[in-house]
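The structure under discussion appears below in the form of structure tokens.
The values are calculated or read from the model by the stated rules, or taken from the named source; none is laboratory data. Being a predicted model, the structure only gives us computed values, none of them experimental. Every residue, glycine among them, receives a Cβ derived from its backbone with ideal geometry; neighbour counts consider all protein chains shown.
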Amino acid sequence: MEEKTCSINKDWGRGETKVHFSLKDIRFILAVGSGKGGVGKTTISIIIALALKKAGYSVGIFDLDFYGPNISLLLGLENKTPVIEFDKIKPVLSQENIKVMSLALMISEREPIFMRGIMASKLLQEFLQKIEWGPLDFLILDLPPGTGDIFLTVIDLIPLTGFILVTTPHKLAISDAKRTISILKENNVPLLGIVKNMFDFFENEDYFQKFLNSQNINLLFEIPVFKEFAYMENLSIVFNSSKNQKLLDEISNKLLDKVFRVH
Ligand SMILES: Nc1ncnc2c1ncn2[C@@H]1O[C@H](COP(=O)(O)OP(=O)(O)O)[C@@H](O)[C@H]1O
Ligand SMILES: [Mg+2]
């Protein structure tokens, strides 16, 4: 399909001085994070990438969970490695033509990852210098859980169009989400909204609604439990069904509406 390009105000983002050279041709940068681990950030990052790609945009996805990189597995890219030329790293291409970069593409699954916070932050800065994303409409950043070094480096160095907070409606996840929201507010990072993952598994609708109201934030979209994930890890395949393709359309409509309304 021919790729659309979206009109862009070059001044968008959080301060031009922070625009990193390797990101200069990217129109919108969306960070997907959460307070808690295991609530579905990586899954949602990929769903968002698939949805925007299906809507005709050029998309990249950057796995920033250096301690547990796993995007390649979910996109069926286990056998691909990024090409490194003249000290520049070229992201690999998924079968949908999504550009993907993950530490998992550069090291084997058996290699343990030992990394102190400062090293993770340095690695991110090195990646920012070396990865050649080229022109993209959207870059999705799949963050590690919480508000540690990588999160802080991201909000400090990367001009985010917006932050997408993933949570389940469980009280524990919401409690952690509140902490992340305060840090985003303190740092003036625009929060595009909340993704409520596995909404049909939890029966906490009132509590969740109160949380949204008290924080004055909106629900971006919600995702049900996918039984398919239990036996199929490749999300490209799971989202190929006509029912799930329709869900991708709904997601891209909601997301694009928000991105274009906010900016
Ligand atoms: N909507 C969903 N339905 C079923 N399983 C899900 C859903 N979202 C996430 N999962 C599962 O939960 C686990 C954690 O998801 P993941 O996306 O890796 O979370 P995170 O990146 O926040 O740690 C994975 O096994 C994933 O398949
Ligand atoms: Mg993850």
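Here are some notes:
- For the range 50-77, a residue qualifies if it is near ligand 2 (Cβ under 8 Å from one of its atoms) and of a type in the set (Gly, Ala, Ser), and exactly one does: 68.
- Of all the criteria given as (1) of a type outside the set (Phe, Trp, Tyr); (2) surrounded by 12 or more Cβ atoms within 10 Å (Cβ to Cβ); (3) within 16 Å of ligand 1 (Cβ to nearest atom); (4) free of Cβ contacts under 8 Å to residues at least 40 places away in the same chain, the one not satisfied by residue 209 is (3).
- So residue 156, is it surrounded by fewer than 20 Cβ atoms within 10 Å (Cβ to Cβ), away from ligand 2 (no atom under 16 Å from the Cβ), within 18 Å of the chain's Cα centre (by Cα) and closer than 23 Å to residue 191 by Cα: yes
- Candidates 45, 102 - the one that is under 16 Å from the mean Cα position of the chain (by Cα), within 21 Å of residue 238 (Cβ to Cβ) and without any contact (Cβ under 8 Å) to a residue 60 or more places away in the chain: 102
- The set of residues in the range 125-149 being crowded, with 22+ Cβ neighbours inside 10 Å and modelled with pLDDT under 95 consists of 144 alone.
- Set 35, 68: member being within 13 Å of ligand 1 (Cβ to nearest atom), touching a Lys or Arg at 6+ places or on another chain (Cβ under 9 Å), closer than 23 Å to residue 120 by Cβ and in a loop (DSSP other than H, G, I, E, B): 35
- For the range 81-98, the candidate set comprises residues that are under 18 Å from residue 64 (Cα atoms) and not in a strand (DSSP E or B); within that set, the residue that is nearest to the chain's Cα centre (by Cα) is 98.
- Filtered residues of the range 217-226 (kept if in a loop (DSSP other than H, G, I, E, B) and among the β-branched types (Val, Ile, Thr)): 217, 225
- Among the helices (runs of 4 or more DSSP H) confined to the range 99-216, the ones with at least 2 residues that are of a type in the set (Asp, Glu) are located at 149-157, 171-186, 205-215.
- Enumeration of residues in the range 24-49 that are away from ligand 2 (no atom under 16 Å from the Cβ) and either at pLDDT 90 or above or in contact with a strand residue (DSSP E or B) (Cβ under 6 Å, 6 or more places away or on another chain) (or both): 25, 26, 27, 28, 29
- A search for C-beta distances below 6 Å between a residue of the range 157-179 that is within 12 Å of ligand 1 (Cβ to nearest atom) and any residue that is at pLDDT below 90 and among the hydroxyl-bearing types (Ser, Thr, Tyr), counting only pairs 6+ apart in sequence or on different chains, returns nothing.
- Some residue of the range 93-102 being under 30 Å from residue 178 (Cβ atoms) and at pLDDT 90 or above: yes
- Number of the exception - residue 229 against (1) farther than 19 Å from residue 35 by Cβ; (2) of a type outside the set (S, T, N, Q); (3) more than 16 Å from ligand 2 (Cβ to nearest atom): (3)
- In the range 189-226, the residues that are of a type in the set (S, T, N, Q) and away from ligand 2 (no atom under 16 Å from the Cβ): 204, 209, 213, 214, 215, 216, 218
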